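In what follows, a structure is listed as structure tokens, so that the remarks can point back to it.
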Amino acid sequence: MTNWLGGMRLTSARLYETDLIGRTVFLANRGTNQSISSGADTVANALQWDEVTFDVLGGWSAGQPTRWTCPRAGWWTFQGAVGFNSSTSGTVRECCWYVNGGLISMGRSRPMVTVPTNNTLTVDARSIPRLMSVGDYVQLIAAHNSSSPAALDTATGSFRPYISITYSGPP
């Protein structure tokens, strides 16, 4: 779909495209603990969404629970957060946006660089717009450098990780 230009005819496809702008099309969370291994961000630590609230365009599949696959070309805005269970070990808790298996520009959020208190900690991912093509996929990756425990679980309840994807407009 192209941008609207003066003199264009009103069609059902253009109306549908316009109606999607600013709409959240995917919302999911992680309702059970997921073990996140210590170390740098890696696809192995992609959040596996086990509670999908809605998936308007069918971009998520239980067969690949870490991915939301783009069903139409355009601009998309990603939002999310990772809640980590309490640990006093390590100095890093972060989350990153990966597209097609790799870290994207402006995709890293690392607000913690000191020794944590023994409390649950939530790290908000950067809210970021991204131009996506059909078939591109996005993942939210959790990372930490805790040594005790070496694998840190994600939190549940009101601290649980989530992902939200909003359609922002045509390419």
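Rolling a 1.4 Å probe over the heavy atoms of the protein chains gives the chain an accessible area of 47 Å² per residue. Solvent-accessible area assigned to carbon and sulfur over the chain amounts to 52 percent, based on a 1.4 Å probe. Distance between the modelled labels on Ser158 and Leu131, one decimal in nanometres: 4.1 nm (7 Å Cα→Cβ projection). Listed options for semi-axes √(5λ) of the Cα gyration tensor in Å are (1) 22, 19, 17; (2) 37, 27, 12; (3) 34, 15, 13. The value calculated from this structure is the one marked (3). Other residues whose C-beta falls under 12 angstrom from the C-beta of Thr120 contribute a net charge of +1, scoring Lys and Arg +1 and Asp and Glu -1. For the chain, leaving out every one of the trypsin sites (Lys or Arg not before Pro) that falls in a DSSP loop and has at most 16 other Cβ atoms within 10 Å, the longest unbroken run is 24-125.
The values are calculated or read from the model by the stated rules, or taken from the named source; none is laboratory data. Predicted model, so just to flag it, every value in this text is computed and none were measured. A quick note on method: Cβ atoms are made from the backbone with ideal geometry, for glycine too, and the neighbour counts reach across all protein chains shown. Surface accessibility is based on the protein's heavy atoms, side chains included, excluding ligands, DNA and RNA. Shrake-Rupley method; radii C 1.70, N 1.55, O 1.52, S 1.80 Å.
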